[in-house]
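Bear in mind that the values in this text are calculations on the coordinates, not laboratory data. Predicted model only: the values in this text are computed from it and were never measured. With ideal geometry, Cβ positions are generated from the backbone for all residues, glycine too; neighbour counts draw on all protein chains shown.
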Amino acid sequence: MTTHSIVRPPPSESSGSDFARLSRKIADAGLMGRRPGYYALRITVVAGLYVGGWATVALVGDSWWTLTVAAFLAVVFGQVALLAHDAAHRQVFRRRRASEVSGRIAGAGIGMSYGWWQDKHTRHHANPNHEDLDPDLDPDLLVWSQDQARAATGLPRLIGRWQAFLFFPLLTLEGFNLHVSSVRALANRSLKHRALDGVLLFAHFAVYLTVLFWLLPLGMAIAFLAVHQCLFGVYLGSLFAPNHKGMPILKGEDRPDFLRRQVLTSRNVRGGRLTDIALGGLNHQIEHHLFPSMPSPNLRRARTITRRHCEDLGVDYVETGLITSYRLALVSLHQAGAPLRKTRVPA
């Protein structure tokens, strides 16, 4: 991924005034209001699919057809993760306690430490695509810039050469990585409600494994686990890859004002209502980053207002199709790994 330069606009009359004007337009349109009916329906449907999926595993039992249910539950787990995301941003409930309770329940349902993820995601929102401050750009396995590639050691140095080709295959490990990272986070004493996170996390693992190995023969249970977790990882990665990868990377003291920091580092994905459902509203990434507590069904309407506001300001507002967004992400990964292809990397 190459680092693009961001052209700063002439100083405005007051710091943050461009975002303040947009915020007033959004508020006047009533788009920050809660959507209790929408979320009541969405939670009911997703919970029903979750319970129904596991009930189907019990009914089908000792049959390789259960692997199709594993694929179905991978998508359902992704939808539960999206609900946890919305709850963490207080899109569902206005009050903190209700948001945390619902978020922890959703996180427990998929084997994720809610506290760890919320902390990580909050830091991402504060500084999206900032090489030094965004935890999503940590070079723990992949490198996101050529500077990271030059400094890479270990697996990132080995994988980085051809990471664009390995990206989607590696996403099959993302579900497992979510669980491992959640467990590792429990060792961090600064993690809020660490004991509660641990209880919920290990309760999920215990119930999940007990159900699988009780209902299915050993080989079939292992196959189910592999299909379910690998496809869950691919779905998770596919939800987040189009949003920032291939967009400008900030570093050092390069910190534009809030509106430009969010808009210029984010990419929207065009599509209809089906895209909104599949991506949980994250296809309206620009609006989500500007107004993270806005209920996801309102983001589509906010898009028209935000795009026009950015056009008036001369701020680039990037929107592509889904396939194009993946292509841009892969191209940026290939460019980021270029220095490693020019040097000999020990096996």
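Numbers for the structure displayed
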{"quantity": "Residues TYR208, TYR235, sorted so that the one with the fewest Cβ neighbours within 10 Å comes first", "calculated": "TYR208, TYR235"}
{"quantity": "Among 190-199, 333-342, the order from most to least packed when residues are scored by Cβ within 10 Å on average", "calculated": "333-342, 190-199"}
{"quantity": "Theoretical gain in end-to-end length, ASP140 to VAL45 [0.36 nm per residue, Cα-Cα removed]", "calculated": "30.6 nm"}
{"quantity": "Whole-angstrom Cα spans of the stretch 17-341 along principal axes, big to small", "calculated": "61, 52, 40"}
{"quantity": "Rel. contact order, % - alpha carbon contacts under 8 angstrom, at least six apart, the chain", "calculated": "28"}
{"quantity": "Fewest-first sequence of SER266, SER63, SER23, SER99 by Cβ atoms within 10 Å of each Cβ", "calculated": "SER63, SER23, SER99, SER266"}
{"quantity": "Selected from GLY314, GLY271, GLY175 as most flexible by GNM, with the chain as the system and alpha-carbon contacts under 10 Å", "calculated": "GLY314"}
{"quantity": "Rounded FRET efficiency, nearest 0.05, which uses the C-beta distance separating VAL199 from ASP28 and R0 of 51 Å", "calculated": "0.70"}
{"quantity": "At R0 = 25 Å, FRET efficiency that the Cβ-Cβ distance of ILE305 and SER181 yields, to 0.05", "calculated": "0.10"}
{"quantity": "Inter-label distance for GLU253 and LEU218, nm, one decimal - labels placed 7 Å from Cα along Cα-to-Cβ", "calculated": "6.3"}
{"quantity": "Principal-axis tilt of helix 114-126 within the chain, Cα atoms, nearest 10 degrees", "calculated": "20"}
{"quantity": "Efficiency of FRET between LEU209 and SER293 - r from beta-carbon atoms, R0 30 angstrom, step 0.05", "calculated": "0.25"}
{"quantity": "Cα-based helix-to-principal-axis angle, 96-110 vs the chain, degrees rounded to 10", "calculated": "50"}
{"quantity": "Backbone HN-Hα couplings from phi across the stretch 191-198 [Karplus 6.51/-1.76/1.60, Hz, Gly and Pro as x]", "calculated": "5, 5, 6, 4, 5, 5, 4, x"}
{"quantity": "Footprinting exposure proxy for MET247, MET32, MET112, MET220 (fewest neighbouring C-beta atoms within 10 Å first)", "calculated": "MET32, MET220, MET247, MET112"}
